[in-house]
Amino acid sequence: TLAFQLANHLLSYPDYANAPERVSPADPKSSIHRQVATGAHPGVLHLTRPLNEKTKAFKSALTVDEIRRINRFLSMTSHDGSYRVAIIDPADDMNTNAANALLKNLEEPPSKTLFILIVNSPGALLPTIRSRCQVVRLSALGEADLAGALQQAGFTLPDDPTARQSLSARAGGSVRQAILLT
């Protein structure tokens, strides 16, 4: 979610001098938001593990063929001169060939290009990739923040304070997990 919020922010405010200081929630009425949310914005490339056609399950690794899509994405000029954002999720699921292919793009990225690598285990990335990244660690949400996020998403919280605490504890600070539990 944060990766797509960042992409939306960069595409909405390509001139950083005129951008707000904080990333605010995207306006659902905005055409940029709708395009980013549906995967149709030409300035955003989202790479994830591909689907195995035979088993109808996701492959266990992010393959070099997926990462090579970045080369095609970056070879085209931006349609409006703004940023291009490549989101790789989960980057720690890349096989060795894919990681080496990504490294070539990270070494000399074109201007106005942002790579967002989402990882669960940073140690699984090649040290040469980690050395080219700025790390942003996200912590689990506290009970009040989790409750606020759930309410904002339209979910009703239990009235009983003990039940709310239990939900928060079982969700481990994850909005997704809390939604699944409700």
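The values are calculated or read from the model by the stated rules, or taken from the named source; none is laboratory data. The model shown is predicted, which means the values in this text are computed figures rather than measured ones. Glycine also receives a Cβ, built like all others from the backbone with ideal geometry; neighbour counts cover every protein chain displayed. To get the accessible areas, we keep the full protein, side chains included, count just its heavy atoms, and leave off ligands, DNA and RNA. Shrake-Rupley method; radii C 1.70, N 1.55, O 1.52, S 1.80 Å.
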Determine if region 130-147 includes at least one residue that is among the β-branched types (Val, Ile, Thr), farther than 25 Å from Asn95 by Cβ and either open to solvent by 80 Å² or more (accessible area, probe 1.4 Å) or out of contact with any Gly (no Cβ under 6 Å at 6 or more places or on another chain) (or both).
-> no
Filtered residues of region 32-73 (kept if in a helix (DSSP H, G or I) and hydrophobic (A, V, I, L, M, F, W, C)) = Ile32, Val36, Ala37, Val64, Ile67, Ile70, Phe73
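Among the listed residues Gln165, Gln151, which satisfies the condition of being part of a helix (DSSP H, G or I) and under 20 Å from Ser24 (Cα atoms)? Steps first, answer last, please.
Working: Gln165 fails: under 20 Å from Ser24 (Cα atoms).
Step by step, each of Gln165, Gln151 is checked, and only Gln151 is part of a helix (DSSP H, G or I) and under 20 Å from Ser24 (Cα atoms).
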Considering only residues that are in contact (Cβ under 8 Å) with a residue 12 or more places away in the chain, open to solvent by 30 Å² or more (accessible area, probe 1.4 Å) and not small (Gly, Ala, Ser), look in region 77-95 and name the one that is farthest from Gln35 (Cα to Cα).
-> Asn95
Scanning region 60-85 for residues that are of a type in the set (Lys, Arg) and within 23 Å of Asn97 (Cα to Cα), the one nearest to the chain's Cα centre (by Cα) turns out to be Arg69
When region 90-139 is examined, which residues are found to be of a type in the set (Gly, Ala, Ser) and closer than 30 Å to Pro14 by Cα?
-> Ala91, Ala98, Ala99, Ala101, Ser111, Ser131, Ser139
Given the conditions (1) modelled with pLDDT of 90 or more; (2) not in a strand (DSSP E or B), and given that Val85 satisfies all but one, which numbered condition is not satisfied?
-> (2)
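Evaluate region 103-114: report whether one residue or more is among the hydrophobic types (A, V, I, L, M, F, W, C), farther than 23 Å from Cys133 by Cβ and outside any helix (DSSP H, G or I). Outline the logic, then answer.
Of the residues in region 103-114, the ones among the hydrophobic types (A, V, I, L, M, F, W, C) are 103, 106, 114.
Filter once more, keeping what is farther than 23 Å from Cys133 by Cβ: none.
No, region 103-114 contains no residue that is among the hydrophobic types (A, V, I, L, M, F, W, C), farther than 23 Å from Cys133 by Cβ and outside any helix (DSSP H, G or I).
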Contacts under 6 angstrom Cβ, first residue in region 129-154 being touching a residue at least 24 places away in the same chain (Cβ under 8 Å) and farther than 15 Å from Arg170 by Cα, partner assigned to a helix (DSSP H, G or I) and open to solvent by less than 70 Å² (accessible area, probe 1.4 Å), 6 or more apart = Ile129/Leu103; Arg132/Leu106; Ala149/Val175
